[in-house]
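The values are calculated or read from the model by the stated rules, or taken from the named source; none is laboratory data. Nothing here was measured: the structure is a model prediction, and the numbers come from that model. All Cβ positions, glycine included, derive from the backbone under ideal geometry; neighbour counts span all protein chains shown. Please note that ligands, DNA and RNA were not included when accessible areas were found on the heavy atoms of the full protein model with its side chains. Shrake-Rupley method; radii C 1.70, N 1.55, O 1.52, S 1.80 Å.
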Amino acid sequence: MSAERPARRRAIATVCLSGTLEDKLTAAAAAGFDGVEVFEPDLLASPWSPGEIAGRCADLGLSIDLYQPFRDLDSTDPERFARNLRRAECKFDVMAALGVDTVLVCSSVSPDAVDDPDRLAEQLATAAARAGERGLRIAYEALAWGTSVSTWERSWDVVRRAGSSALGLCLDSFHVLSRGGDPSGFAQVPGDKIFFLQLADAPQLRMDVLQWSRHHRLFPGQGAFDLPGFLGCVLAAGYTGPLSLEVFNDVYRQSDPARTAVDAMRSLQWLDESLALRRPDAGPPPPPAAPALTGWSFTELAVDGVSGPRVAGVLGALGFTHTGQHRSKPVQLWEQGRARVLLNASVVRPAATGVASVAALGLESADPVRSAERAEAMSAPVLPRSRGAAEAELSAIAAPDGTQVFFTRTVPDGWPADFLPTGQTAGAGAGITGVDHVGLAQPFDAFDEAGLFYRAVLGLEPQEVTELAAPFGLVRTRAVTGPDRAVRLALSVSALRRGGWAPGVPEPQYVAFVTDDLVATARRLRAADAPLLPVPANYVDDLDARFDLPADLLAAIGEHGLMYEEDAHGGYLHLATEVLGDRVFFEVVQRLGGYDGYGTADTPVRMAAHRRSRQTAVVPR
């Protein structure tokens, strides 16, 4: 029986994180990283000497794996090249004090960069010889915008020509994949000549590659690059060093470094697992796969004495029945079909009176215990909870936006047993049969983090990011879904917010219920005086122009405030209520054919209608 392969070492560049070097090192260690790349501007701004930095890293259990960057080494001007060698010698002194043996040298972006490969190899060999005399190494990296060297193939050609044991490659996934490079070619590079590996994901953007790199890199699993494939090629070539993250991102550089470091660690955990699923022989075995999520147990709304009665009244108008009261907590259970909503009035928020919000999601898991273990393995610890002696033991974790996620099984002796019957039995209601999806607006800093969280921890796959011009600014959306669509989440974020004028719904959240006949359901909701959102006649006229809809359906759309979208696979009918408790509303949807979207194109219409209804509201929100 073969021995289990050891886990690969994981490192992070200090440039990925916000704060001082002291903040960054503490955050990296707390997240479980083995080492760091020290970004030179962080060192220059630190009051610690290089020796003190080395001591602090040792105290934290961190190795220093790379010192970077050294820029514009080569030059067609002999005097300038001589000055650059002197500068390199000074940096070698710093490296000796830090206790790091490898420096990253970027391909030059200077106008005087050497173009002739033999002359460039000669200059790099000269610098490498000086490094080698001191037991140091140079990892040469091709910047995607380098003046003469901008591809990994060109960098390898130069390193090969130089023939120095102290000179090797640094392979950076962004620089390779942003230019459409083929990592399968790494097979021609001896493993011991790949000195370092830097990993970054990114969205597919059409823009200047320098600006793309400096502002829009992401952690693995958050973008569009095939990082598992890239890593597999590097490891197949024989690389044995750390997996290190180098991510330039405006959001990360302004966020809590402790939180960002956890997000970064989770991305490498996901990457290791993704590679192991493709190539079981490529490394340590992955953690147990996320158990299947088979549906929604409940959606929990946090309410208070002002918002609670309003939300309860609307649930009643939507056909829900108050069927249960929690044994020990001020929590109500409302049911219709397989849809269950909990109203929790135990959260005290003096500064947010009258607000309702989605506080928790109950997800049906094929194995709740294993779901919790999976979360722990992916840096999402189970939250401590207090419970009564006769109450169900439920495991919950916190999503990046603070929403609690419970792993459950809805069985008679499970969580429903925590609720005492009210004596009211759920009937046919208005035709709502279950929950289609839940929509959660994310804090600006958490949008990409949330996509990776639901992917790595819960096994939901992120869908394509969509941007739309909404009435109050650009909105970015992304769905995460299970393979059988039993669980769907629609995540959104306002891409930019400036100034104090914010007439839209702040961080809106909604629960989308599903029905088999939305027109019939809408009639029942109208009869029950549910606060449905009207849509403009202009919108209905446009539907008539764009789609060949039956006349009776078009009339129902106008009468009941329905919205409609379709694609090549099918159609999507949906309606929305007014906003309740400042940020929450309900939708009812009907999917036609194979439509798999969320009616995103109708979002501006819905947002504008919510604005008008809030302006004219005469009832408490």
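Work out from phi, with θ = phi - 60° and the Karplus expression 6.51 cos²θ - 1.76 cosθ + 1.60, the ³J(HN,Hα) of each residue of the range 109-115, listed in order in whole Hz, and give x for Gly and Pro.
10, 7, x, 9, 4, 6, 9
How many angstrom separate the Cα center of the range 297-315 from the Cα center of the range 111-155?
The two parts, judged by their Cα centres, are 64 Å apart.
For the chain, I need the span (max minus min coordinate) of the C-alpha atoms along each principal axis, in Å, sorted largest to smallest.
86, 61, 50
Sorted by mean Cβ packing within 10 Å, highest first, what order do the peptides 319-329, 284-294 take?
Highest-to-lowest ranking by the protection proxy: 319-329, 284-294.
So what's the gap between the Cα centers of the range 550-621 and the range 465-485, to the nearest angstrom?
Each part's Cα centre sits 15 Å from the other's.
Karplus couplings for the range 85-101 from phi (6.51 cos²θ - 1.76 cosθ + 1.60, θ = phi - 60°), rounded to Hz, Gly and Pro as x?
Whole-Hz 3J(HN,Hα) from phi for the range 85-101: 5, 4, 4, 5, 4, 5, 5, 5, 4, 4, 4, 4, 5, 6, x, 10, 9.
Can you list, largest first and rounded to whole Å, the semi-axes you get for the range 559-605 by taking the square root of 5 times each eigenvalue of its Cα gyration tensor?
Semi-axis lengths for the range 559-605 are 22, 10, 9 Å.
What figure, in Å² to the nearest 10, do you get for the accessible area of D596 with a 1.4 Å probe and non-protein molecules left out?
For D596, solvent-accessible area is about 60 Å².
Under unit Cβ charges (Lys, Arg +1; Asp, Glu -1), what dipole magnitude, rounded to 20 debye, does the range 75-152 have relative to its Cα centre?
280
Show me, for the range 412-418, the HN-Hα J-couplings you get by feeding each phi into the Karplus relation (A = 6.51, B = -1.76, C = 1.60, θ = phi - 60°), rounded to Hz, glycine and proline as x.
x, 9, x, 4, x, 5, 6
Mean separation of Cα pairs under 8 Å and 6+ residues apart, divided by the residue count of the chain: what relative contact order is that in percent? Don't skip to the end; give the middle numbers.
Values: 1315 pairs, mean separation 62.7, N = 621.
Reported as a whole number, the value is 10 percent.
To the nearest 0.05, how large is the calculated FRET efficiency for S184 and E373 if R₀ is 51 Å and r is the Cβ-Cβ distance?
Given R0 = 51 Å and the Cβ-Cβ separation, E is 0.90.
Alpha carbon centre of the range 172-219 versus the range 1-60: separation in Å?
Answer, in whole Å: 22.
Carbon and sulfur atoms: what percent of the 1.4 Å accessible area of the chain do they account for?
Solvent-exposed carbon and sulfur of the chain make up 51 percent of the total.
Let me have the 222 nm mean residue ellipticity of the chain computed from DSSP H runs of 4+ only, each contributing -39500 (n - 2.57), with the sum over all residues rounded to the nearest 500. Intermediate values should be presented prior to the final figure.
On the way: 17 runs with 194 residues, N = 621.
That calculation yields -9500 deg cm²/dmol at 222 nm.
Cross-link partners among lysines for K193, C-alpha distance below 27 Å, same-chain residues fewer than 8 apart left out?
K91
What range in the chain is the longest one free of GluC sites (Glu not before Pro) that are in a loop by DSSP and have at most 14 other Cβ atoms within 10 angstrom?
That would be 134-392.
For T410 and A366 in the same chain, what is the full-extension length gain: residue separation times 0.36 nm, less their Cα-Cα distance, in nm?
Separation in residues times 0.36 nm, less the Cα-Cα distance, equals 14.8 nm.
May I ask you to give the solvent-accessible area per residue for the range 309-350, in square angstrom, as obtained with a 1.4 angstrom probe?
40
Where both residues lie in the chain, what percent of DSSP beta bridges are antiparallel, nearest 5?
Given both bridge residues lie in the chain, the antiparallel proportion sits at roughly 55 percent.
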